[in-house]
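Down below is the structure, laid out as structure tokens.
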Amino acid sequence: MNNLLAQNVLGYSISTVPSIPLNWIGQLIRILVEGIGIVGVGIIVFTLILKCIVLPLDIYSRVAGKKQSLIMERMRPQMEKLQQQYANDKSMYNQKVVELQKKSGYSMLSSCLPIIVSIVIFIIVLQAFSAYSQYANLESYNDLVNAYNGVVNSYIIDEDNPQSYGFLIPVDEDGNPIEGDDIKPADFEVKFDKFAAHYNHEKKQAGEEISEDEVFTELAQDYKQHRGEYESAFDISAANSKQADGVTLTDTARAIRVSLINYYLEEPAAQAAREYYMENNNSFLWVRNLWYPDSSFTKEMPTFENFKRAVSNAHIGDDYATSYEKVTAALGDRKSAVNGYFIFIILSIGLMLVQQIISMRANKAMNDLSTVDGTAARTNKMMLILMPIIYGVFAFMYSAAFSLYMITSTLFGLATMLTINKLVDVWFKKKEASGELDAYLNRKANKNAKKANRNAGRAQRSADAKNKRR
């Protein structure tokens, strides 16, 4: 690119931030959310699909838990006797309990294993959802950048429409004009005379037009009023300085004019980003931006520092702060608007508390009798408080989108828990009425007894063989 043209080139473009990679779960969430079109509804649908997939594990866990609870109730008299007998000897109590449980066919693992699998799935989904939240948040911002950059296309010179008042010509890195309908923001050669015509058309009434030099003088005054002096201490007159012939602009004047035009474009570009945001924001119910917590402490449009933390996987540097502020310059009211009112956080805590209470009641016998000194019961009471607090912390730290996932998951879990528990109770009562309950509950005990007899027989045969050799 020749030197003269280089000083007439406006390097107009704010860089987008590179996207965050997603694993297959994150991609599934993305496909669902983008396919449905409403972020909140997409998250709810994803949660329901995931819960339906793990529902067989939940059903198995409920049936196994009910069976173990009935076995524990049958062992209650013996367990209470052991508690009294070994009140001061925890080690012996635990040993006797293990023997009794094995003899009675009690197995905690059968009901706990599906729960462990569900916890592992929750952790995996948490990681994938966190990554997707960052991905979607970043993509939403990049869409604002594209809207900001795209406004420059309206100022490209249209040779077929003299009344378009364009003043930019897209050029490649060699200074050659770029032709075509789909022009991406890049470098643009500026026609100062056409910019002056545009400025008069936009800012002046008919008959009040001013000269090209006066246009840049006025624009420089406006810049100085709003931004202060130039970093290089250029004065206003430098925007119109001429070479010795009195006509050709100096290199300094060209550089200042390009900077002034860039300043002139910032306002409509920021407004374009605002319009895009208002039409495509990620609100749901009362939450203004689902990618941030449902909290009055959080703003709908975050500061750069909060944005950088929210998309930490993108590793954005501090030097990007100026670009972020330019893109979001017209969203000042969104930067002061609260993002929510803690409703998702309260719901997360309340629903988990209800789920814990119901679960504790269903496992009362196991909680009362599994330890000699009632440690298990106290531990479960502590979990009754701790689990809702943990969910509340998750809801406060992570996005409202993740809170919505937890609330939907807990509601589905409560509904299925009550339904399954009711159906399981009916099923066990039918077995009891038909006389099949004892055989069903003793199946494991009988199996253990047969195994013990086989082992005893092997041991006896081995001992007899040793005695014969002697």
Of the listed links Lys191/Lys308; Lys81/Lys429; Lys203/Lys299; Lys66/Lys381; Lys66/Lys96; Lys191/Lys224, those spanning more than 26 angstrom between alpha carbons are Lys191/Lys308; Lys81/Lys429; Lys203/Lys299
Find how many whole Å separate the alpha carbon centroid of the range 241-309 from the alpha carbon centroid of the range 317-334. 6
Which stretch or stretches of the range 59-87 have amide N atoms under 16 Å from the point lying 7 Å from Val117's Cα along the Cα→Cβ direction? 59-65
Exposure proxy ranking, count of Cβ atoms within 10 Å, fewest first, for Lys422, Lys204: Lys422, Lys204
If you rank His201, His226 by fewest surrounding Cβ atoms within 10 Å, what's the result? His226, His201
Mind sorting Ser312, Ser69 by how few other Cβ atoms lie within 10 Å of their own Cβ, fewest first? Ser312, Ser69
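The numbers here are math on the coordinates, done by the rules we state, and not lab data. Here the structure is a predicted model, which means the values were calculated and not measured. Cβ atoms come from the backbone with ideal geometry, glycine included; neighbour counts cover every protein chain shown.
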